[in-house]
Amino acid sequence: MNKDNRCFQNYVGLLLVLLLSVFCFLTKISAVSAADETDNVQVKALDGIPEDLAIVYGSGATHAEWGRSLYKISADGNAVYEETRGRQSTVSRQQEYYQLTRGELQLIIKKIKDNRFFSLNEQYSNPKIRDGSSSYISVTMDKKTHSVSMINSYQKEFDEIAGLIVGIIDNKKSIKPEVNYPACRAGYPE
C-alpha cells in the first residue's frame, strides 16, 4: 500500500471517529433538550448567564495521534482544559482546571450572540485538503443546543468565539479541582 493510500485511510478513519463522536454528543443533547422542552419553566439566568450554559470547544489535527485540545465551560464558571495525544492504545491525557469570572462568562456569551452562533451551519469543510485540522464548538443555553464543526475550513464567526475561549483560559492560572468538579460530570463529550 502506498503512502497516499495510508494517509487517506487514516484521514477517513479519523473523520469517521470525529463524526461518530459528534453524532453521539448531539444525540445525547437532543434527548436532554427534548425532555427540557416539555418543561415550560423559564431558564434561570444570573447576571445574564443562563443556568443551563454549557460550552465545549475542541480542536486539533485530523490525525488524532498529533493531539487534540478540549475546553469545557459550565454556567458556574468551572472550566476544564484537556489535551490528548497518541493512538488508541497509548493515549496520554492531561487536564487542567480553571474558574472563570462572571465577567468572562458574559464576554463569551456576548461573543456567541454577536457572531450569531446559533445561525451558523452545523458543518463547514474543505474536502480538497486531506491533512489538516478539525474543530467544533457546542453551546447549550436558554434550552437550545447548537454544534458547529470545522474540517480544514475557516469561518470568521467560529474563529472569533474559539479565539476568545482559548484566550481567556490560556491567560488564567489553573486551580486544584474539587472532587466533584461540575465541568467533569455528564453533559460533556469525552
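Things to note:
- Any hit, region 85-103, residues being open to solvent by 30 Å² or more (accessible area, probe 1.4 Å), touching a helix residue (DSSP H, G or I) at 6+ places or on another chain (Cβ under 7 Å) and at pLDDT 95 or above: no
- Qualifying positions in region 141-158 - open to solvent by less than 30 Å² (accessible area, probe 1.4 Å), assigned to a strand (DSSP E or B) and out of contact with any Gly (no Cβ under 8 Å at 6 or more places or on another chain): MET141, HIS146, SER147, VAL148, SER149, MET150
- Residue in region 123-130 that is part of a strand (DSSP E or B), hydroxyl-bearing (Ser, Thr, Tyr), open to solvent by 20 Å² or more (accessible area, probe 1.4 Å) and under 21 Å from LYS72 (Cβ atoms) present: no
- Restricting the first member to region 122-150 and to residues that are free of Cβ contacts under 8 Å to residues at least 40 places away in the same chain and closer than 16 Å to ALA162 by Cβ, and the second to residues that are part of a strand (DSSP E or B) and among the charged types (D, E, K, R), no beta-carbon pair is closer than 9 Å while six or more apart or on different chains.
- Count of residues meeting criterion [modelled with pLDDT under 80 and open to solvent by 30 Å² or more (accessible area, probe 1.4 Å)] in region 131-140: 1
The values are calculated or read from the model by the stated rules, or taken from the named source; none is laboratory data. Just so it is clear, the structure is predicted and the values come from calculations on it, not from any experiment. FYI the Cβ positions are ideal-geometry reconstructions off the backbone, even for glycines, and counts take in every protein chain you see. Note: areas computed on protein heavy atoms with side chains; ligands, DNA, RNA excluded. Shrake-Rupley method; radii C 1.70, N 1.55, O 1.52, S 1.80 Å.
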